[in-house]
Amino acid sequence: MIKKGIGRQIVMHYFIVIFLALMLVEVVFLFAIRTYYYDTINNMISSHIDATVRSVLVSTNINDQSEMEYLNQVLGLLKLPEAELQILDGKGTVLISSSGFEADKPVQTSDIPQALASGGTAKWIGRQATTGEPVMAVTTTLQQNGGQVYLARFVTSIEKVNQRLTEITLVSMAVIAIVLFIVLIVSIGLANSIVRPINNIIAVSAQMAKGRFDVRVEGDYRYELGEMGSTLNYMAEEIVRSNQIKDDFISSISHELRTPLTSIKGWSETLDSGGYDPDETRIGMGIIAKETDRLIGLVEELLDFSKLQQNEMKLTMARVDLRELLKEIVLNVWAKAELKKVQLRLDADGDAYWVYGDANRLKQIFLNIVDNAIKFSHESSVIVLHLVREDGWVRTSVQDNGIGIDEENLKRVKDRFFQVNTQGGGTGLGLAITQQLVELHEGKLDMSSELGVGTTVSVMLPLLEEGPAAKELDTDTAGIEEV
C-alpha cells in the first residue's frame, strides 16, 4: 500500500490514464472484431443472394406451375449450407423451410418489414424465438411478374462466432491486466525515483531550518530535482558565508567602536582630573573631536546602508559638474594624501562634465573610492583621476599603483560586510554603499585590479548635454527629492 503523498498521486494518475486508454482501445478493438465477423457472414450470404436470385427469377414462373412446386424449385436453387432457408409471403408467414419444420406463427423480426420497404436485402441479429440460439437472418425480396411478393430468409447460427468473440475478449482482458500490472510496477518505480530525492531534500531542509547549515543534499539527482538540491546546497553555503561575514563584521565594528570610545573615555577622565596645561588640554580635546567624528562616520555609514536596503534613500537631484566635484574631492583628501606622500592628479580638459544627480551623494561615492585608493597605495605613488566622455556617458576612473586585489577577492569586494584586509579597519560597507548609490543614479560601477600592480575603479554616469533644456532643468529641478 502506497502511503498518502505525491507518490500515490503519481501512481494513481499514471495508472488511471493508462487504464482509460486501454479500455478505450479494448472497446474499439472488440467492436471492430465483432463487426468484422458479422459482416463476413452477412457478405457471404449477400453474395450468394446476388449470384442466385437473378437465375431464380428467370428460370421459374409461378404462372406455369403450382405455388408449392414453385416454392420447392426456389428453395432448391437458393439453399445454402450451414444456413436455414425460409420462403415467406408478404405477411411474414413461413411457406416452406429447408429444415422441414413448420412455423406456427409468422416471423416478426425487423428484417421482414425492412426488406419489403426497400425491395432489397435486410439483416437482423438476435435470438431464435423457439430455441433461444443466437442467429443472424438475412432477408431479400422475390417479386414475380404477376406482382406476387415472396421473401427468401436465410437464418444461420452465430453461436460459434460469439464464442470466438468471447475468447478474444478474455485474451484481450488478460493482456490488459498484464499491461496494467506492468504499468503499476513502473509507476511505483517512477514515483519512488521522484519521492525519495524529495524526501531527502525535505529532511536536509528541515535540518537547515533548525540551524544546521553543515548538512548537504547528497546524491546525483537529475533534471529539476538536481537543480533543487544544488540550489539548496548553494543557499546553505551562502548562509554560512553570510553568517561568517556577519560575525566578522560584528567583530570588526566592535573593534572600530571600541578604539575611539576608549580614547574618548581616557582623555575625558584625564581632563576631568584637572592639573594639565592648556597645550595638553588642547591635544586631548582634539583627539576627542577626531574620534567623535570617526564614530559619527561609522554610524552614518551604517544608517546609509540601512536606508539603501529598505529603499528609503532620498536624493536631491540637480545638475552637477563632475569636474568641479572632483576638484573639491582632491582638496578634501589632499592632507591625507600628503601624509603618505601620495600625489593626486586630475586628468580632464577644461570643459564641464554635466550629470544629473545628488551632489552630496556623488561626492560620497568618489570620496570613498579616492580614500580607498590612498589607503591601499604605496608611499610616493601617484593616483590619477581620469574624466572622459563616451557615447552619452561620463566615465570617471580612479587609478592607483597600490597593493591591488587578487581575482578571487575582486569578485566579492563589492559584497556587503566583505573586507579584503580585516585588519585594516572599517565596516566593509563602503563599496557596497557606493555600488548602490551609483545604481540609484542609473550608472555603472566597474573594477579591475591586479595583485601588486594596482586597481582601477570606473564610474559611468549618464551625460547631461548642455543647452537651453539642460539650463531649464537646472532651474526647475533643484531641490526636488527622489527616492
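Data table
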quantity: Residue count for the range 226-238, restricted to those that are closer than 23 Å to Ala191 by Cα and open to solvent by 30 Å² or more (accessible area, probe 1.4 Å); calculated: 4
quantity: Among (1) modelled with pLDDT of 85 or more; (2) within 21 Å of Leu75 (Cα to Cα); (3) open to solvent by less than 30 Å² (accessible area, probe 1.4 Å), the one test that Ser98 misses; calculated: (3)
quantity: Residue among Ala115, Ala152, Ala129, Ala191 that alone is closer than 30 Å to Met44 by Cβ and either in contact with a helix residue (DSSP H, G or I) (Cβ under 6 Å, 6 or more places away or on another chain) or of a type in the set (Lys, Arg) (or both); calculated: Ala152
quantity: Yes/no for Thr139 being in contact with a helix residue (DSSP H, G or I) (Cβ under 8 Å, 6 or more places away or on another chain), within 30 Å of Pro106 (Cβ to Cβ) and either free of Cβ contacts under 8 Å to residues at least 60 places away in the same chain or open to solvent by less than 30 Å² (accessible area, probe 1.4 Å) (or both); calculated: yes
quantity: The range 442-464, residues that are closer than 16 Å to Lys375 by Cα and crowded, with 16+ Cβ neighbours inside 10 Å; calculated: Ser449, Gly454, Thr455, Thr456, Val457
quantity: Val420 open to solvent by 70 Å² or more (accessible area, probe 1.4 Å), among the hydrophobic types (A, V, I, L, M, F, W, C) and either in a loop (DSSP other than H, G, I, E, B) or modelled with pLDDT of 85 or more (or both); calculated: yes
quantity: Test for Ala318: is it farther than 20 Å from Val457 by Cα, outside any helix (DSSP H, G or I) and of a type in the set (A, V, I, L, M, F, W, C); calculated: yes
quantity: Residues of the range 1-50 satisfying the condition of being open to solvent by 60 Å² or more (accessible area, probe 1.4 Å), modelled with pLDDT under 80 and of a type in the set (Gly, Ala, Ser); calculated: none
quantity: Selection from the range 194-225 of residues that are surrounded by fewer than 14 Cβ atoms within 10 Å (Cβ to Cβ) and hydrophobic (A, V, I, L, M, F, W, C); calculated: Ile202, Ala203, Ala206, Ala209
quantity: Of all residues in the range 84-95 being outside any strand (DSSP E or B) and open to solvent by 20 Å² or more (accessible area, probe 1.4 Å), the one that is farthest from Gln114 (Cα to Cα); calculated: Thr93
quantity: Test: residue in the range 359-377 that is part of a strand (DSSP E or B) and of a type outside the set (Asp, Glu); calculated: no
quantity: Complete set of residues in the range 204-263 that are within 23 Å of Ser193 (Cβ to Cβ) and of a type in the set (Lys, Arg); calculated: Arg216, Arg222
quantity: Qualifying residue in the range 314-326 (condition: open to solvent by 40 Å² or more (accessible area, probe 1.4 Å) and at pLDDT below 90); calculated: yes
quantity: Test result for Gly392, surrounded by fewer than 16 Cβ atoms within 10 Å (Cβ to Cβ) and at positive phi; calculated: yes
quantity: Search result, residues across the range 339-377 that are basic (Lys, Arg) and either over 51 Å from the mean Cα position of the chain (by Cα) or open to solvent by less than 40 Å² (accessible area, probe 1.4 Å) (or both); calculated: Lys340, Lys341, Arg345
quantity: Residue selected from the range 378-389 under the condition farther than 25 Å from Glu465 by Cβ and part of a strand (DSSP E or B), by the criterion most open to solvent (accessible area, probe 1.4 Å); calculated: Val382
quantity: Flag if Arg241 is out of contact with any Asp or Glu (no Cβ under 6 Å at 6 or more places or on another chain) and not in a helix (DSSP H, G or I); calculated: no
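The values are calculated or read from the model by the stated rules, or taken from the named source; none is laboratory data. In this text the structure is predicted, and so the values were computed from the model without any measurement. When we count neighbours, we look across all protein chains shown, and the Cβ atoms used for this are built from the backbone with ideal geometry, even at glycine. Surface areas here come from the heavy atoms of the whole protein model, side chains and all, with no ligands, DNA or RNA. Shrake-Rupley method; radii C 1.70, N 1.55, O 1.52, S 1.80 Å.
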